[in-house]
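> Quick one: structure below, then a few questions.
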Amino acid sequence: MSEKQGFSSSFGAIMAAVGSAVGLGNIWRFPYIMGQYGGGAFLLVYLAFVFLIGMVLMMTEFVMGRRSQHTPPQAFVSLRPDRKGWRFLGYLCVFTCLMIISQYVVISGWTVNYMSDSASGVMATISATGMAEHFQSFVSHPWHPVLFLYIFTLITAVIILGGVQKGIEAVSKVLMPILLLLVIILCVRSVTLPNSSIGLAYLFSPDFSHLSAEGVLAALGQALFSLSVGMGTMIVYGSYIPENDNIFKTSLMITASDTLIAVLAGVAIFPAVFSFGQKPAGGPGLVFQVLPTVFNSMGTVGTIFAVLFFLLLALAALTSAISLLETIVAWLCESSSCGRKAATLIVSSVVLIIGALCALAYGPLDSFHVLGDNLFDFVDKLNSIYLPPICAIGTVIFLGWQMKKEDVIDELSNHGSITTGYFPFYYFLVRFVAPIALLVVLFTGIYNSLQ
Ligand code: TRP
């Protein structure tokens with residue numbers, strides 16, 4: 001029975017990986033940091049990083065996954081059987097996924113709540129000045145945020161139970177085109193509003209004076225986070241990629257789609273924000289306070305756009321959460337005697353527990369601190385500063401310095417059947433440029449967090 005199942009087609013593989021990459025990071029984080037760090041100037045730097053380092057990492061993970069046909073710890077061991085210590089890097093990748101999903105489901109739950117509150121008309125009754133308070137009272141409620149994260153996690157788990165083809169692939173093939181359509185509808189509405197050019201100028205006009213060293217680092221951090229690389233997820237998806245797919249082309253399409261959706265999200269958001277005289281804000285403030293105010297100013301159609309927007313966010317978050325849960329479930333299946341059902345049940349229960357603890361950190365558990373932060377902020381620090389860069393550095397060093405060069409070429413060229421003229425450049429990026437750039441990100445992140 002255990003003939004390993006992968007994605008059934010190249011299209012399915014690309015949709016699933018784009019689903020993983022396109023998430024909350026594209027829609028609420030990218031547009032904001034792009035505006036903040038000099039618009040078009042930031043975009044140029046971001047494009048360079050996303051293609052030179054992010055995509056290189058994605059190819060690296062795909063090569064490791066498809067060649068080994070294993071999940072992170074076992075993938076490292078089977079590619080370098082004489083150096084079993086590398087498996088600890090694999091465990092760290094799985095742990096990173098667990099920390100990210102536990103935080104991710106909290107925010108996704110907020111999104112689901114805002115979608116239902118928009119649909120039921122509750123949001124429309126809240127004044128611009130009451131938005132912040134409304135958000136605060138929701139996130140600090142003793143059980144509402146937990147209920148919504150449970151709903152979201154349950155949906156994710158049901159899809160994972162469906163399996164790689166009938167669950168992940170089938171859902172991604174339907175949801176990703178819908179997601180693209182939703183962004184386009186919102187973009188059209190946004191750019192046809194009065195004074196939309198102010199928002200477009202904020203987003204795109206290149207201002208190199210705002211592109212600080214901090215902006216450059218933010219660009220690299222965002223490039224990695226946005227592509228979901230550096231935590232083993234793409235190793236697992238790599239093991240599902242059809243044998244004759246061209247890893248270079250597949251990675252290029254995924255990277256380009258992810259970037260396109262991030263830019264479109266900016267076009268959907270900022271012209272509308274400026275058109276209604278609001279100020280751009282980042283993260284939760286933008287999505288849960290500024291935008292609901294913008295939708296309310298649109299009158300009755302605002303309700304429709306609000307529901308569409310939160311649906312967009314929830315769907316983007318769902319396909320990302322699927323890939324995170326899949327990574328952990330696939331690992332548990334492989335390293336124990338658990339079947340997929342049992343593994344999904346166990347992992348989801350753990351996510352529900354850690355997720356609920358994170359969600360309650362803004363309410364009943366706000367006085368519970370770990371190293372000076374509440375639990376949500378502590379996990380956020382792990383997820384943004386420490387874990388992903390460490391896993392990413394390990395991954396590029398593994399491929400660049402531990403795997404045999406001929407094996408890497410063999411995998412990228414589908415055993416010699418396609419050309420890989422880019423290889424020397426790719427190999428140089430993996431061995432030298434990526435590790436150094438990632439080390440800089442890691443150390444500056446640590447340095448700044450200690451300030
Ligand atoms: N790429 C996702 C986003 O943009 C977030 C993310 C980071 C992620 N790492 C991941 C998703 C690993 C899935 C798997 O929101």
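The values are calculated or read from the model by the stated rules, or taken from the named source; none is laboratory data. These numbers were taken from a predicted model, which means no experiment stands behind them. Methodologically, a virtual Cβ is constructed for each residue, glycine included, from the backbone with ideal geometry; neighbour enumeration extends over all protein chains shown. The accessibility values were calculated without ligands, DNA or RNA, using every heavy atom of the protein model including side chains. Shrake-Rupley method; radii C 1.70, N 1.55, O 1.52, S 1.80 Å.
> Within the bounds of the range 265-277, is there any residue that is away from the ligand (no atom under 16 Å from the Cβ) and among the hydroxyl-bearing types (Ser, Thr, Tyr)?
Checked the range 265-277: at least one residue is away from the ligand (no atom under 16 Å from the Cβ) and among the hydroxyl-bearing types (Ser, Thr, Tyr).
> Answer yes or no: is there a residue in the range 74-95 that is open to solvent by 30 Å² or more (accessible area, probe 1.4 Å), out of contact with any helix residue (DSSP H, G or I) (no Cβ under 6 Å at 6 or more places or on another chain), part of a helix (DSSP H, G or I) and within 16 Å of the ligand (Cβ to nearest atom).
Scanning the range 74-95 turns up at least one residue that is open to solvent by 30 Å² or more (accessible area, probe 1.4 Å), out of contact with any helix residue (DSSP H, G or I) (no Cβ under 6 Å at 6 or more places or on another chain), part of a helix (DSSP H, G or I) and within 16 Å of the ligand (Cβ to nearest atom).
> If you go through the range 346-368 one residue at a time, how many are touching a residue at least 12 places away in the same chain (Cβ under 8 Å) and part of a helix (DSSP H, G or I)?
15
> Considering only the range 1-20, I want to know if a residue exists there that is within 13 Å of the ligand (Cβ to nearest atom), out of contact with any Phe, Trp or Tyr (no Cβ under 9 Å at 6 or more places or on another chain) and open to solvent by less than 30 Å² (accessible area, probe 1.4 Å). So that I can check it myself, show each step before the final result.
First, the residues of the range 1-20 that are within 13 Å of the ligand (Cβ to nearest atom): 16-20.
Next, only the ones that are out of contact with any Phe, Trp or Tyr (no Cβ under 9 Å at 6 or more places or on another chain) stay: 18-19.
Applying the additional criterion that residues be open to solvent by less than 30 Å² (accessible area, probe 1.4 Å) yields 18-19.
Yes, the range 1-20 contains at least one residue that is within 13 Å of the ligand (Cβ to nearest atom), out of contact with any Phe, Trp or Tyr (no Cβ under 9 Å at 6 or more places or on another chain) and open to solvent by less than 30 Å² (accessible area, probe 1.4 Å).
> Among the residues of the range 177-201, how many are surrounded by fewer than 22 Cβ atoms within 10 Å (Cβ to Cβ), in contact with a helix residue (DSSP H, G or I) (Cβ under 6 Å, 6 or more places away or on another chain) and closer than 30 Å to Ser102 by Cα?
So the count comes out to 2.
> Please find, among Lys279, Lys249, the residue that is surrounded by fewer than 20 Cβ atoms within 10 Å (Cβ to Cβ), free of Cβ contacts under 8 Å to residues at least 40 places away in the same chain and under 30 Å from Ser449 (Cα atoms).
Lys279
> How about the range 222-241: which of its residues are of a type in the set (S, T, N, Q) and open to solvent by less than 10 Å² (accessible area, probe 1.4 Å)?
Here is the first cut: in the range 222-241, the ones of a type in the set (S, T, N, Q) are 222, 226, 228, 233, 239.
Across the range 222-241, the qualifying residues are Gln222, Ser226, Thr233, Ser239.
> Might you check whether a residue that is closer than 22 Å to Ala343 by Cα, touching a residue at least 24 places away in the same chain (Cβ under 8 Å), assigned to a helix (DSSP H, G or I) and open to solvent by 70 Å² or more (accessible area, probe 1.4 Å) occurs anywhere in the range 204-221?
no
> Now for a different question. Given the criteria within 16 Å of the ligand (Cβ to nearest atom), open to solvent by less than 10 Å² (accessible area, probe 1.4 Å), in a helix (DSSP H, G or I) and not hydroxyl-bearing (Ser, Thr, Tyr), does Ala262 qualify?
Considered against the rule, which asks whether it is within 16 Å of the ligand (Cβ to nearest atom), open to solvent by less than 10 Å² (accessible area, probe 1.4 Å), in a helix (DSSP H, G or I) and not hydroxyl-bearing (Ser, Thr, Tyr), Ala262 comes out as yes.
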